[in-house]
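For reference, the structure discussed in these notes is given below.
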Amino acid sequence: MALRRALHFVFKVGDRSKTATFYRDVLGMKILRHEEFEEGCKATCNGPYDGKWSKTMVGFGPEDDHFVAELTYNYGVGEYRLGNDFLGLTLQSSQAVSNAKRLGWPLTEVGEALYLVEAPGGYHFYLLDKDQPHNDPVQKVCLAVSDLQKSTHYWSSLLGMKVMERNEEKKTVLMGFADTQCKLELYNIGGTVDHGTAFGRIAFSCPHKQLPDLEALMTKENYKILTPLVSLDTPGKATVEVVILADPDAHEICFVGDEAFRQLSHMDPSGNALLDKAMAEDKSDEWFAKHNKQKASA
């Protein structure tokens, strides 16, 4: 499964401006590309909504060799309820720690040279206070599970991830497709996983010829397929094929055909300007205030 790679985690955001400040000015990530859509995604990339939305990819470098964040913004939704499913994303960057201190962004020291910081919406990020590496600073994504043995079997035996570390005391398993990629950490919370309305999605790529086999395997093993193999169009860009799965705790998992995705995910030099333009033109907050209404809480 060496040809499979970790791509990104999808976050739903209610305040696009504060979110942009966090990723750009606190974490130090770059806007890799930004796209606006008039109607919902066939693979529910923006959640169960069918109105206008946007997608912004942010990261420390190109998507070909960096794990990034996909920020989805639904114009009519101001906030989402967090569950206990997403437990944090860990990255190594003393610069991010310095940025947070300089900007007065709250930091909590939770370990040796390790700080917890919250993104708008309450998402947890862990900052390792060490020099940012030349390769991808993003080290791991941690997800909650209710049955560590069952989940480990799903992710390793069925999806092909390599188990890299088991910690019985902490009730965690660390795994990944390659040592050089962002890892996935599963943490046994000993209870039900609640996805709230902010439920995220983790994405991976694989050779497109593997997608039908992956779908067939999940059908055979009686695991849920949220979106059977479908083609997604982005105007002016490559059409990608995806299959959306759900693991034993209903974490959403997107597998996309690697060849087309590499074309789709080319960094757009105008991404930063496109995001700023979209935020400047977004009058939804003013409209709701003028009509003495509040944006929906999902």
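The values are calculated or read from the model by the stated rules, or taken from the named source; none is laboratory data. These numbers were taken from a predicted model, which means no experiment stands behind them. Please note: Cβ atoms are built from the backbone with ideal geometry, for glycine as well, and neighbour counts cover all protein chains shown. When the accessible area is computed, the model is the full protein with side chains, heavy atoms only, and any ligands, DNA or RNA have been set aside. Shrake-Rupley method; radii C 1.70, N 1.55, O 1.52, S 1.80 Å.
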With every protein chain in place, the accessible area of H34 for a 1.4 Å probe, in Å² rounded to the nearest 10, comes to 10
Give me the one-decimal nm value for the distance between modelled label points at E39 and N84, 7 Å along each residue's Cα-to-Cβ direction. 4.0
Which of rounded, prolate or oblate describes the range 15-136 when judged by the alpha-carbon gyration tensor and an a/c cut-off of 1.5? prolate
Quick one: of the DSSP bridges fully inside the range 86-153, what percent are antiparallel, nearest 5? 75
Counting only heavy atoms of protein chains, what accessible area per residue, in Å², does the range 176-219 have with a probe of 1.4 Å? 40
Stretch gain in nm, segment T21-D194, where the contour uses 0.36 nm per residue and the Cα spacing is subtracted: 59.5 nm
Using modelled amide H (1.01 Å from N, peptide plane; none on Pro or chain starts), what sits under 5 Å from the amide H of V145, excluding residues fewer than 5 places away? Y187, N188, I189
Applying the gyration tensor rule to the Cα atoms of the chain (axes a ≥ b ≥ c; rounded if a/c under 1.5, else prolate if a/b exceeds b/c, else oblate), the class is rounded
Computed lengthening from R262 to H134, 0.36 nm per intervening residue step minus Cα-Cα distance: 43.9 nm
Report the relative contact order of the range 1-61, percent, no decimals, based on alpha-carbon pairs under 8 angstrom and at least 6 residues apart. 32
Rg/Rg_globular for the range 94-141, with Rg_globular taken as 2.2 N^0.38 Å and Rg from C-alpha atoms: 1.11
From the phi angles alone, apply the Karplus equation (6.51, -1.76, 1.60; θ = phi - 60°) to the range 81-87 and give each ³J(HN,Hα) in whole Hz, x where the residue is Gly or Pro. 8, 6, x, 10, 7, 8, 9
Go through the range 56-138 and name the GluC sites (Glu not before Pro) that are in a DSSP coil and have 15 or fewer other Cβ atoms within 10 Å of their Cβ. E112
Suppose a student asked you for the relative contact order of the chain, using Cα pairs under 8 Å spaced at least 6 residues apart; what percent would you report? 22
Past the 30 Å Cα-Cα mark, which pairs from K150/K237; K42/K209; K52/K183; K18/K130; K30/K150; K12/K283? K150/K237; K52/K183; K30/K150
Scalar couplings 3J(HN,Hα) for the range 107-118 by Karplus 6.51 cos²θ - 1.76 cosθ + 1.60 (θ = phi - 60°), nearest whole Hz, x for Gly and Pro, are 10, 10, 6, 10, x, 5, 6, 10, 10, 9, 9, 9
Once the piece of chain linking T239 and D147 is laid out straight, how much longer is it, given 0.36 nm per residue of separation minus the C-alpha distance between them? 29.5 nm
